[in-house]
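Please treat every number below as a calculation from the coordinates, not as lab data. Bear in mind that the values here come from a model prediction, so they are computed numbers and not experimental data. Neighbour counts run over all protein chains shown; Cβ positions are idealised from the backbone, glycine included.
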């Protein structure tokens, strides 16, 4: 009898955990905005920033080609974009950047 009681209590506990975990998955999930930056050398295509919003809408902003004289201006564009998302209630989740002879590439992931 004690074995059956223990079995049923364990079964109830497992089912409860499963139901609670499904409920937490259905609660408002995080919404993400992805920002990609391409600062390309003067020999390549135009440098730009692409923003993909949580609803799938996209925006493109053209930036100056990557060279020493435009470094500060493009950095300010990036800084303004980050500050705009922070003011709108987003949080910076991750930032990844790489560089090559062709330019600088960055990906920024914001959540709300």
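Regarding region 65-78, can at least one residue be identified that is surrounded by 13 or more Cβ atoms within 10 Å (Cβ to Cβ), assigned to a strand (DSSP E or B) and in contact (Cβ under 8 Å) with a residue 12 or more places away in the chain? Looking for residues that are surrounded by 13 or more Cβ atoms within 10 Å (Cβ to Cβ), assigned to a strand (DSSP E or B) and in contact (Cβ under 8 Å) with a residue 12 or more places away in the chain, one finds none in region 65-78, hence no. Annotation: of all residues in region 32-63 being part of a loop (DSSP other than H, G, I, E, B) and under 18 Å from residue 101 (Cβ atoms), the one that is nearest to the chain's Cα centre (by Cα) is 46. Please go through region 81-91 and pick out each residue that is exposed (fewer than 10 other Cβ atoms within 10 Å of the Cβ) and either on the phi < 0 side of the Ramachandran plot or in a helix (DSSP H, G or I) (or both). Matches in region 81-91: 87 only.
Taking the stated definitions as given, is residue 61 within 20 Å of residue 43 (Cα to Cα), in contact (Cβ under 8 Å) with a residue 24 or more places away in the chain and touching a helix residue (DSSP H, G or I) at 6+ places or on another chain (Cβ under 8 Å)? Spelling it out, it is not the case that residue 61 is within 20 Å of residue 43 (Cα to Cα), in contact (Cβ under 8 Å) with a residue 24 or more places away in the chain and touching a helix residue (DSSP H, G or I) at 6+ places or on another chain (Cβ under 8 Å).
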